[in-house]
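Have a look at the structure below, then the notes.
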Amino acid sequence: LIQDLWVHRAWRGRAVGAGLLTKLYDLSRGRGFTRVEVGLPRESFERFGATEAFYLGNGFEPNGPRMRRVLS
Ligand SMILES: CC(C)(COP(=O)(O)OP(=O)(O)OC[C@H]1O[C@@H](n2cnc3c(N)ncnc32)[C@H](O)[C@@H]1OP(=O)(O)O)[C@@H](O)C(=O)NCCC(=O)NCCS
């Protein structure tokens, strides 16, 4: 499960993120994992569309929204 993935602004759009995912796939396969999941940011996130495009472009497919309950 990818909890958070951030590339420094100065390095975005230079395939650093794609390279990290490729390495993650290799590490995961080597350990016997058969899938990788990520929770996208909220749709109000200003770069939501770009983030979604990044994962779609790296082989991810929609898997339904996640939900949460904050406990007080
Ligand atoms: C999403 C993110 C990790 C991608 O890493 P990256 O190294 O910029 O991505 P790559 O260079 O491998 O791939 C580029 C693609 O990512 C997408 N992308 C998303 N945000 C981008 C950004 N700020 N700048 C450039 N490309 C971005 C585009 O689809 C782009 O494809 P294109 O060049 O055809 O337009 C990075 O842009 C980032 O840290 N964004 C802000 C935080 C975020 O949204 N993290 C994911 C939360 S789980």
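State in Å² the accessible area per residue of the chain; use a 1.4 Å probe, count heavy atoms of protein chains only, and round to the nearest integer.
Values: 6640 Å² over 72 residues.
So the chain comes to 92 Å² accessible per residue, rounded to a whole number.
Whenever you get a sec, compute what percent of the accessible area on the stretch 31-72 sits on carbon and sulfur atoms (1.4 Å probe).
Details: 2050 of 4120 Å².
Summing carbon and sulfur atoms, their accessible area is 50 percent of the total for the stretch 31-72.
Find out how many positive minus negative residues lie around Arg35, taking Lys and Arg as positive, Asp and Glu as negative, among other residues whose Cβ is under 13 Å from that of Arg35.
Values: positive: Arg29, Arg31; negative: Glu37, Glu61.
Here the count lands on 0.
Cα convex hull of the chain: how many Å³ per residue?
Numbers: hull volume 9.4 nm³, N = 72.
Dividing the Cα hull volume of the chain by its residue count gives 131 Å³.
When the helix-only estimate is applied to the chain (DSSP H runs of n ≥ 4, each -39,500 (n - 2.57), divided by the residue count), what is the mean residue ellipticity at 222 nm, nearest 500 deg cm²/dmol? Numbers along the way, then the final one.
Details: 2 runs with 24 residues, N = 72.
Value at 222 nm, helices only, nearest 500: -10500 deg cm²/dmol.
The values are calculated or read from the model by the stated rules, or taken from the named source; none is laboratory data. What you see is a predicted model; the values in this text were computed from it and never measured. Positions of Cβ are generated from backbone atoms using ideal geometry, with glycine treated the same way; all protein chains shown enter the neighbour counts. Note: areas computed on protein heavy atoms with side chains; ligands, DNA, RNA excluded. Shrake-Rupley method; radii C 1.70, N 1.55, O 1.52, S 1.80 Å.
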